[in-house]
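Here's the structure, in structure tokens; my notes come after.
The values are calculated or read from the model by the stated rules, or taken from the named source; none is laboratory data. Just so it is clear, the model here is predicted, and its values are computed rather than measured. FYI the Cβ positions are ideal-geometry reconstructions off the backbone, even for glycines, and counts take in every protein chain you see.
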Amino acid sequence: MALWGWLWASPATAVPTALLLTLGCYVLALEIYQFAHRPALLHPAITAMAALIIILSAGKVPYRQYFDGAAFIHFLLGPATVALAVPLYRNLAHIRRLGPALALALVIGASVAVATAWLLGRMLHLSELTLRSLLPKSVTTPIAMGLAETLGGSPSLAAGIVLVTGVIGCLFAPVVYRLLRIRDPAVQGFALGVAAHGFGTAKAFEISPLAGAFASLGLGLTGLATALALPWISRALGL
Amino acid sequence: MDGLRALITLLGYTLAGQVLAHVSGLPIPGPVAGMVLLLVTLMIRGRVSAELERVSALTQRHLSLLFVPAGVGLMTHAAALRAEGAGLLVTLTVSTLLALGTTALILQRLRRGEST
């Protein structure tokens, strides 16, 4: 176990250790996910996170030490967010054609996501930090983490909350759509992108490519609209 | 160019977004500003290079890997989660289902109006 402690002691070994652990857990989680026919509960990000938390807790490695080592992967969230401009650009024709309908559904859907989270969280007496980390829950993780920080929440708590939101959206979407008789793949996809970000988008691509395109649209637009509106709203309401 | 140019583009726009967010004083995350800048650039140029297309598809396929390091940070919130985990789960479930249903219903209603 002296060797394990030594691995985390200096960046020269801690960085490759943290990167290998993260990539290793993710690749294994991906294999399990595909082997089990892609159930929403076994999403690779969830499995990998759980595995890493167990390994780090068992090995008595403080989170900070792990995070400093894996910081490179975390940094890539920035450029990956920028890269979302490409699917948005690809879907510009759809946006223009359905523009007003999409805009209205998006604004109301995203507002419902934020407002109900705030109200319910208040009613259930969640702590201030949790509430502030909760507001950007329907937004894709890189944006949600930045927003949580701007709002005075915790980026790491927000990242976890966003993951859970995605899983919930994918688990219940088939039921919701059956109850409400939503059969149009474009509508199914867009709502998944708005309410359940990247997880919902992946799910939508399993419905059909068209549903997937509308989901990436919903994901990108919700991220953008929430990022632009939420800080102003919270400031205006004095939250 | 093996994606190097696409990498430079994405890093450049990430930095430009951070600078824009900082200089403008707007409370938006830098990468979001970068995304908007890149979108505007693509609209002006009217096309996406095959390289950027490839790199962007790759990052989207493995987007969930990138939030693992931050998500592992949940381990530092163990006490809070034990205390409010149930309330949090209820809040997330109800709020997500309402958002999903509302968005789908509104869009379906509007699309139907458009086709008739």
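Details
- Only one entry in B:10, B:15, B:66, B:42 is within 8 Å of chain A (Cβ to nearest Cβ), within 16 Å of residue A:85 (Cα to Cα), under 17 Å from the mean Cα position of the chain (by Cα) and of a type outside the set (Val, Ile, Thr), namely B:10.
Every residue, every condition in (1) at the interface with chain B (Cβ under 7 Å from one of its Cβ atoms); (2) in contact (Cβ under 8 Å) with a residue 40 or more places away in the chain; (3) at positive phi, yes or no:
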site	(1), (2), (3)
A:105	yes, yes, no
A:123	no, no, no
A:158	no, no, no
A:173	yes, no, no
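- Residues in the stretch B:7-43 that are at pLDDT 90 or above, aliphatic (A, V, I, L, M) and buried (at least 21 other Cβ atoms within 10 Å of the Cβ): B:10, B:38.
- Residue A:231 surrounded by fewer than 24 Cβ atoms within 10 Å (Cβ to Cβ), in contact with a helix residue (DSSP H, G or I) (Cβ under 6 Å, 6 or more places away or on another chain), over 26 Å from residue B:68 (Cβ atoms) and within 8 Å of chain B (Cβ to nearest Cβ): yes
- If only residues of the stretch A:69-91 that are more than 19 Å from the chain's Cα centre (by Cα) and more than 7 Å from chain B (Cβ to nearest Cβ) are counted, the one that is surrounded by the most Cβ atoms within 10 Å (Cβ to Cβ) is A:69.
- Restricting the stretch A:175-201 to residues that are small (Gly, Ala, Ser), closer than 23 Å to residue A:143 by Cβ and more than 7 Å from every other protein chain (Cβ to nearest Cβ), the residue that is surrounded by the fewest Cβ atoms within 10 Å (Cβ to Cβ): A:189
- Helices (runs of 4 or more DSSP H) contained in the stretch A:94-197 and holding at least 1 residues under 15 Å from residue B:107 (Cβ atoms): A:155-180
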